Structure formats: C-alpha cells, structure tokens
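Since the structure comes first, as structure tokens, the remarks are kept for the end.
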Amino acid sequence: MVISSNLGFPRIGPNRELKKALEGFWAGTIDERALRETFRAIRRQSWQWQQEAGIRHIPSNDFSMYDQVLDTSVMVGAVPTRFAWDGNAVSLASYFAMARGDAAQNIAAMEMTKWFDTNYHYLVPELQPGQTFRLCSTKPVDEFLEAKALGIQTRPVLIGPVTYLLLGKSQVTGFDNLSLLDALLPVYEELLGKLADAGAEWIQMDEPCLATDLDANAQAALRHIYQRLSAVSPKLSLLVAGYFGPLRDNLATAASLPVQALHVDLVRGEGELDALLRVLPKSTMLSLGVVDGRNIWRTDLDTARRLVRQAVNAMGEDRVIVGPSCSLLHVPVDLESETTLRADVRQWLAFGRQKLSEIVALAECNAGEAAMHSLLAENAAAIKDRRCSPLARNADVRRRIDAITPKMAQRANSYPKRRTIQQEAIPLPLFPTTTIGSFPQTPEIRSARSKFKRGELSQDQYDAFLHKTLTETIQFQEEVGLDVLVHGEAERNDMVEYFGEQLEGFAFTGNGWVQSYGSRCVKPPIIFGDVRRPTPMTVRWAKEAMKCTPKPVKGMLTGPVTILCWSFVRDDQPRSETCRQIALAIRDEVHDLEAAGVKIIQIDEPALREGLPLREADRPEYLRWAVESFRLASSGVADATQIHTHMCYSEFNHILEAVAALDADVISIETARSNMELLSAFRDHKYPNEIGPGVYDIHSPQIPTVESMVALLKKALEVLKPEQVWVNPDCGLKTRAWAEVRLSLENMVAAARSLREQARR
Ligand code: GLN
Ligand code: ZN
C-alpha cells in the first residue's frame, strides 16, 4: 500500500488559539498551566484530524510555542550568552526572551528572518567558532509520547543538522557554519537514540537546504551526517525531506543519502520524477510531495495521480509515500470555517484539512479504477469548473496586457532632467522631511473600523470619523514642521488587503490565518482571477488631504510586487503575468492621482527583496519582471510628478542594481538599525537618484535624539550628495503611539534643520 503522510500541520489552532494564549500569557491574564493546556489541546486536535483523515505518517514535534528553529537552538543548547543561561533546561521566560527580547533587562531578542522563500519568520541561530552543543530538551520525545498516549503513532520532525547550521549566523566573518557539524552530530545521535527507545519508527529530518545552492562542502556534509545518523538505531527509519523547490544539482546527493526515504517537492520540481526514479537506490523509498503546501488551490488529483502511478510502476507500491510538498504550516487550517468566502471561488480551494483528504485519496486510489475514491469525481468537477470559469478571465484585462509596449515602462525623460522639472513644480528645502505613510492606528481607529464592518456605524458615520482623523493628522504634521505630508492611512487595515478589496480578481477569507511568526498571523488575500481596478481607490483621501493644507501631499500606494508576494496567487498562469495585471491596476490609480493634482506619489515595495527566488540562477529573471512591473505601474506620469518608493530591508546590496532600475525619483529605505551601513553599497554603485535613508527605527519605543539623527545623516552624507538626501523614519508609524510620534518627528525635523543650517555656513 502507498503510505499517506503529512510533513507538518498548522499549529495556530483553528481559531488562532495559539496567538490568544500567548498574548494572554504575556499580558499576565493566563498562567503557564493554562498556556500549556491550550498547546496540548491544539496538538491533540491536529493529530486527531490527521488520524481521522486517514494519514498514516502523522508528524509530531511540528508544533512550536513560537518557532521551530528557536526550539532547535534551545534543544541543542545554542543559547546566546546575553541570556545568562545556566546550562540547564531553558526556562519559559528565557525562551520568550530569546524570541522577543527582555525589555526590563534591556536584552535584545534573537534576529528574525524569513524561512526560505515563505512569509514565515524564524529566529536566526547565533553560532560561535568552537561552540559546543548538548541535548538540553526532550521536546521531540515528549510530544511523541504525548501522541502515543492518545493512541497515535507519529513521525517526529526534526530540522536536519545541515539546514540548522546553514540557517545560523556568526559574528565572525568568513566563519564556516558547517565546521560545527561534528560538534552538533552527537546531540542528534543522542536524541535519535531516545526517540528509538520511546518507540518511534520513522523520523522526518527536514533539510530544505536541498532546494538552495549548496557547495561541495555542504553536499559532503549531508552525506557524512546521514551516514552517521542512519547508524544510530536499527529500529529507526529516517526520511530526509527536501522542499520549497526542485533539487537540481543536489539531486544526486539527495538520492544517494543512506536513509530509508527521501521526500521531494514535486509541486515545484515536477519534472524531476523521471530522474529520481532512475537514480534512486532500490533500498530507498520515495515520498512524493504532490499536494501544494504553499498555496490554497485544490490539487488536480488526476494529474497528481499520474505521478503517483508512475512512481508505483517504477518502484512498487511499498516504496511510495504520498504527501504535501512541504509542511502545511503555510496554509490556513480549515476551509470548513469559511462562511463568508464567495462560494464560486470557495469550491476551488483546499486548506490544511482538505489537503489531508487529498493526500489520502491519492494514496488509496493508486491501485487503479477499482479503488475509485469518492473525492476524485468531485475534485475533477471542481478542477474543470475552475479551468473553464469566466470568473478567472477578463477579456478587457487580456487586451490591455497584450497592448503593453516597452515605452509604457519608461518615464519620458531620464532622472536628471526630471529633477530640474520637479524642483520647479515642487519647491522643497534641502534635506526635505517626510514620513513613510501611516500614522498611529489607535484603538479608536480599529474600533471604528470593526464597528463599521459589523454594521454598527453607517457609511456616513465612518467616513466622518476618517475625515476627522485625516484632518487631525494633517494638522499634526504641519505643527511638527514636516515638508511633505501624508494623509495617514487611517482607512487601511493592511497595505495589501486594502487594495485587494477594491480590485477585481481578489477574494477574502474570514478565517484564513497563516502564521507569520510567533503569535503573529496574517490573512493573505486570494488572487483567483484577472486583476482589474473598477474605480479609483485612494484619490478621495488624497484630495481631502490636499484640501487641508497648502503643503505638498504624497499619494500612497502599495506596489504590484508587494501585493503579489503577500497574497495567495493563482497557479494557472505565471506569477509574472499576474504581477503585470496588478501593475496595470496601480498604473490606473497613479494616473488618477496625478489628474487629481497629486504631485508626489509613493509606491511601496517592501516585499521586492523577499520575492527573490532561492536559487541564484532564477534571480535575474525574477528581478527583470518585478522591476518591469514597478515601472509599468509608475512610469505613466509626467516628468513633473515625483515618484517615490519605499523598502524596508537592510540587505539590499546584492539587488541594488534592480533597486536603481526601478528609476523612482526618491527611495526611502530602512537603514537606522544597521547604522547606515547599507549606504556603502549605494556609494559603490553611485546611486544617482534621491534617497531617504531611515534615520530612526520605528520598531523601538525609544525617542531618537536630534544628535543621533544628525550623526546618522552625516554618515549618509559621506556617501551621498546633500541634494540627494531626504529625511524620514525607517518605516510607517502605525504601530506607535501619538505621543512618541510627536517627540520623534519633532526631533527629526530639528535634525534636518540643523543640517540645513550647517550647509548654509
Ligand atoms: N506606507 C506603508 C506604511 O507607512 C508602508 C509599510 C511598509 O513598508 N511595510 O505603513
Ligand atoms: Zn517599511
């Protein structure tokens, strides 16, 4: 029999129980016992759902109180010294301090970064030369036994040692993380021994590094490690799981690992099945990741079945496992809880629980038509409906896409010419001051929005509230003395959702939450069809703002790449195609803003960098269409209209050429935390346009001093010409409180004035 398996289940709970419990615990409203009880209930529920669905290899240790990489650091004793760890089991307080920092004792949290190319964030292991490791937690064993006590045999999931080390960071430049492998190995050996003693039969070793560029050293490390780990216990079978992409040049290494099973991502690496079947040793089982763990569309079971059949024919059914492409962590829990999602789109979707049923159907129906599964007929109908649906295609949009010319992605004149024209059109002082767009999203704003959504506030009442907020925000900026004002974004819940809700081709879930990090969840929109902007989306707010002030007001839009990256995207056409459609919609909005008299328009692209493919070889192609989409959105304006963009990532250096190619007149970027370091890249590259290097970190509650910001700006001026420099915070201010914002911005304006003063002398 083909084995049905799962690589990991969402751990937030069907109603974000994880988030609520964590926040309650941090706020002191629930105690540790209640917290742990909630976690146990979430685990029990997930295991039972998987068991009921008929999954045979059910994962355990896929749960985490905060993050699975942090769990691994804590388990192997990789606790940074600043947390004053005594060497025993890490306490709950220390665990959360590592995750979130300890404000009382002024200890910084561990750094957080994106988990491969997902929107999930993990805590980066901090590695030291000569570091030692020790098994400090039995979490995988405990959770295995917890499931066992419920009568459920599970497959514990561990982050493989090679991936774990490669994800780490060391302060020492040039340090080879993998040099710690031999120190780490005994910890894994000890753990596997304990799991075997506890009765585990299969262990899932996640090695998503297999989808990245690995050098010969890393490939050798994989072979070495699994040679050793497979020798730990004859009772254990190891499954090494690669996911998030095809194996490519890692295929031979992956196939040759001396383990019982290899899992591969056949959603992104569909074409590799043939090669795998050719090279996989007779003794190795193959786990086929044919159900997309990264997206919410129903699997085309007919197509997936053909892959399963091909593997079964080549290997025999006893050597084939069927599962999701990766852990289901990246999709919402259950489609059943969607009550408001439009029905025509809903029938095309599968969330976590529905994907379990798909996996089981695929495992059960491999034997041929005899085992025809009831889900198959229903699935075929839904797939056909989606494929032929007029909902997904709009002739108008298609015509416009076909009519795109290269000229449309090009401003009329080059930047130096535009600059002269813009200086005339928009008189500004040297070192102009501005903000990134949002102002505090106060409890009043959030409450008004939810009252409006619940129907407790009428449209008129809500509009009046927003108008009042906008007026006050403009007045505030005038008082503080900013040069370029914004309307404040009070009407926006989220910078992507707000636009998606006004565009055709988008659908929204009521409960489709996905973990972003720790207690944070996001609810990505679903792009199911051609994207079109039926009516202006922001013009009204820009107009209102302009009425309140003689100062220039900046229109505020989210860029096409960011809208794409933070949504679930249709998989029936290339992402680049969907991105261009969004770009045209934003282009229409830019056009209307300009026509309404808005002279400065900012198009935010904070996600430009995170959309980068994992493999170096795929990056130029991505950057090509991403940049083209931004330019398509922004280039339809007159030379006199100033285009801004905003990005908030400290690691720009390797995509700086693409950033420059956006050809925005002004870019604001996050730099305060990295102490302006990234600007060196701008020097080397001789960035020609204007830049607002963020002068203070909006994530910190500290009020930045005038001196600190003057110092940062002076540092920037070592690299940039005075005429190039704008003065602004690192990012939007929506998470801050008004009192802090006032003091911070007053200081920021004072810093700009002091520099102007000095420039005059
Ligand atoms: N304009 C947005 C804001 O100010 C930008 C947010 C972002 O960069 N993530 O909130
Ligand atoms: Zn930002």
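The values are calculated or read from the model by the stated rules, or taken from the named source; none is laboratory data. These numbers were taken from a predicted model, which means no experiment stands behind them. Glycine gets a Cβ as well: all are built from the backbone with ideal geometry, and neighbour counts include every protein chain shown. Each accessible area value is taken on the protein alone, full model and side chains, heavy atoms only, with ligands, DNA and RNA left out. Shrake-Rupley method; radii C 1.70, N 1.55, O 1.52, S 1.80 Å.
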Restricting to lysines and to Cα separations under 20 Å from Lys551, and discarding same-chain partners fewer than 8 apart, the set is Lys468, Lys543, Lys599
Using a probe radius of 1.4 Å on heavy atoms only, what accessible surface per residue do you get for region 172-295? Whole Å² is fine.
36
Could you tell me which chymotrypsin sites (Phe, Trp or Tyr not before Pro) in region 218-314 are loop residues by DSSP with no more than 10 other beta carbons within 10 angstrom of their beta carbon?
none
Among the lysines, which fall within straight-line cross-link reach of Lys282, defined as a Cα-Cα distance under 25 Å, with same-chain neighbours fewer than 8 residues apart omitted?
Lys235
With all protein chains present and a 1.4 Å probe, the order of Phe439, Phe25 from largest accessible area down is Phe25, Phe439
Solvent-accessible heavy-atom area per residue, rounded to whole Å², over region 632-761 at 1.4 Å
40
Name the long-range amide H neighbours of Val322: under 5 Å, sequence gap of 5 or more, or other chain; modelled H, no Pro or chain starts.
Ile3, Ser4, Ser5, Leu288
Rounded to a whole number, what % of the accessible area of region 500-539 do carbon and sulfur atoms account for, probe 1.4 Å?
47
If you take every DSSP beta bridge whose two residues both sit in region 30-176, what share of them, in percent to the nearest 5, is antiparallel?
45
At 1.4 Å probe size, with no ligands or nucleic acids counted, give the accessible surface of His646 in Å², nearest ten.
10
Could you compute how fast the chain diffuses translationally, taking Rh as the Kirkwood radius over C-alpha pairs and applying Stokes-Einstein at 20 °C with viscosity 1.002 mPa s? Give it in µm² per second.
77
So for each of 383-394, 683-694 I average, over its residues, the number of other beta carbons within 10 Å; can you give me the resulting order with the highest mean first?
683-694, 383-394
Considering only the other residues whose Cβ falls under 15 Å of the Cβ of Ala737, what net charge follows from Lys and Arg at +1 and Asp and Glu at -1?
0
Modelling each spin label as a point 7 Å along the Cα-to-Cβ direction, I'd like the Arg393/Arg520 distance in nm, to one decimal.
4.0
Qualifying trypsin sites (Lys or Arg not before Pro) in region 247-347, DSSP loop, other Cβ atoms within 10 Å at most 14
Lys282, Arg342
What is the distance, in nm, between label points placed 7 Å from the Cα along the Cα-to-Cβ direction at Glu52 and at Ile426?
5.6
First select every other residue whose beta carbon is under 13 angstrom from the beta carbon of Leu662; then total the charges, Lys and Arg +1, Asp and Glu -1.
-3
Cα-Cα over 29 Å: which of Lys19/Lys114; Lys554/Lys715; Lys114/Lys451; Lys384/Lys523?
Lys114/Lys451
Between Lys407 and Arg44, what length in nm is gained on full extension when 0.36 nm per residue of separation is reduced by their alpha carbon distance?
124.9 nm
The farthest towards the positive end of the charge dipole of region 445-495, of the residues Phe465, Gln475, Gly455, given +1 on Cβ of Lys and Arg and -1 on Cβ of Asp and Glu, is Gly455
Expressed as a rounded percentage, what relative contact order does the chain have, with Cα pairs under 8 Å and six or more residues apart?
11
Cα-projected label distance for Leu743 with Gln475, points at 7 Å along beta-carbon direction, nm:
2.3
Average accessible area per residue (Å²) across region 358-457 - probe 1.4 Å, nucleic acids and ligands excluded
56
Taking Asp463, Asp213 and ranking on accessible area (1.4 Å, protein atoms only), highest first, one gets Asp213, Asp463
Can you show me the helix-derived [θ] at 222 nm for the chain, built from DSSP H runs with n ≥ 4 at -39,500 (n - 2.57) apiece and divided by the number of residues, rounded to the nearest 500.
-13000 deg cm²/dmol
Kindly work out what percent of the DSSP beta bridges joining two residues of the chain are antiparallel, to the nearest 5.
15
